[in-house]
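The values are calculated or read from the model by the stated rules, or taken from the named source; none is laboratory data. Note that the coordinates shown come from a computational prediction; the quantities given were computed from them, not determined experimentally. Virtual Cβ from ideal backbone geometry, glycine too; neighbours counted across all protein chains shown. The area values use the complete protein model at the heavy-atom level, side chains included, leaving out ligands, DNA and RNA. Shrake-Rupley method; radii C 1.70, N 1.55, O 1.52, S 1.80 Å.
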Amino acid sequence: MKYFVITKKQLMMVLSCVIAVAITAVGSVITFADNNRKLPIYCVQTDKKQIAISFDAAWGNDDTEQLIDILAEYDVPATFFVVGAWVDKYPESVKQLSDAGHQVQNHSNTHPYMTSLSTEQMIDELESCNKKIESVTGKCPTLFRPPYGDYDNAVINACESVNMYTIQWDVDTIDIKVMTNEYHCAIMSIV
């Protein structure tokens, strides 16, 4: 498995990363001792050779237009998991992402560690963010990426109770560990 670091100056490298991962990605097999543990979606099986690229948006939006332009230049659709507070602060960016044909999905309302919340609080995080996204894009999210990748059965059950799927990634660019820009990039193999 390869990891790629993407900085603001290397934003063009996103597409190179996508191509490299598409060529070298091998489906990950994840097993747990506890057979009752629920898992989010890490990858999707298909006969096509493709990957899914996604970004988590919870902080600034300085690079949004540039990112949209780069993805458009190479005809690469992406999924943006946005925090409700980010929607409040940058509704024009949310609209731009949606209008550019990218999926805008749920990354919680306030970016908490979901496993520390009650079921009611989890559902409130999901529904509050969904309402904000839908009010800007006209589309209600069906996917949820837990902040910090923090999930357990209760988080997945809460998502299912509001007809949402919990999504993770199988290739992490680890960019969040080395930079402070506004997007975290993650890749899901579709194998």
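Annotations for the structure displayed:
Matching residues to (1) over 14 Å from the mean Cα position of the chain (by Cα); (2) of a type in the set (Ser, Thr, Tyr):
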residue: Asp99; (1), (2): yes, no
residue: His102; (1), (2): no, no
residue: Leu117; (1), (2): yes, no
residue: Lys132; (1), (2): yes, no
residue: Ser135; (1), (2): yes, yes
residue: Arg145; (1), (2): no, no
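- The residues of segment 74-119 that are open to solvent by 40 Å² or more (accessible area, probe 1.4 Å), touching a residue at least 24 places away in the same chain (Cβ under 8 Å), hydroxyl-bearing (Ser, Thr, Tyr) and in a loop (DSSP other than H, G, I, E, B), listed by number, are Tyr74, Thr110, Tyr113.
- Scanning segment 47-73 for residues that are assigned to a helix (DSSP H, G or I) and either exposed (fewer than 14 other Cβ atoms within 10 Å of the Cβ) or at positive phi (or both) yields Glu65, Gln66, Asp69, Ala72, Glu73.
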